[in-house]
């Protein structure tokens with residue numbers, strides 16, 4: 001059984017063992033790989049993963065947690081930032097940053113990751129459009145007027161250019177929404 005992001009957060013806040021076991025089995029392997037590939041071992045990964053769950057739990061106790069990403073992205077970002085903090089501590093041998101700094105870095109990392117994934121998905125489907133739609137949407141992104149677009153594209157009127165622009169955007173949107181990655185990238 002898969003849990004939604006909301007169900008996972010609720011399970012963490014209620015210390016639900018089924019949800020905690022699910023989180024561990026579903027998300028720990030990728031965290032362990034990340035830690036092991038970045039100067040750590042399995043024990044480091046276990047400690048860090050547990051610490052990440054505690055950080056999320058404490059954050060939720062302070063205020064409601066609203067994610068703009070899926071839980072996988074969030075837990076990965078928390079673990080990554082905690083690990084970077086740990087490596088920095090090892091390097092400097094003194095305590096660094098407070099939870100507030102961690103929260104800010106986490107928000108920035110999550111936002112950057114989401115933007116990158118969304119842009120990648122957009123690019124993937126933009127490349128699948130026909131040459132006319134690609135050119136028309138590119139001109140639109142470059143803020144070229146409908147009048148100029150109709151001249152460049154050889155359309156008979158601005159009204160037709162507007163209609164064609166709408167059709168191309170709809171084609172792109174439908175293509176993106178039909179991709180299996182869409183729900184994962186836009187979940188949250």
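No value in this document is a laboratory result; all are computed from the given coordinates. Note that this is a predicted model, so its numbers are computed, not measured. Counting neighbours? That spans all protein chains shown, and the Cβs are built from the backbone with ideal geometry, glycine included.
Return the residues of segment 27-43 that are touching a residue at least 40 places away in the same chain (Cβ under 8 Å) and surrounded by fewer than 17 Cβ atoms within 10 Å (Cβ to Cβ); say none if nothing qualifies.
Going residue by residue through segment 27-43, those that are touching a residue at least 40 places away in the same chain (Cβ under 8 Å) are 27, 30-31, 34-35, 38-40.
If the condition is that a residue be touching a residue at least 40 places away in the same chain (Cβ under 8 Å) and surrounded by fewer than 17 Cβ atoms within 10 Å (Cβ to Cβ), then 30, 34, 38, 39 are the ones that fit.
Restricting attention to segment 1-15 and to residues that are within 17 Å of residue 49 (Cβ to Cβ) and over 19 Å from the mean Cα position of the chain (by Cα), the residue that is surrounded by the most Cβ atoms within 10 Å (Cβ to Cβ) turns out to be 12.
Within segment 44-64, the set of residues being within 21 Å of residue 7 (Cα to Cα) and surrounded by 14 or more Cβ atoms within 10 Å (Cβ to Cβ) comprises 49, 51, 52, 53, 55, 56, 57, 59, 60.
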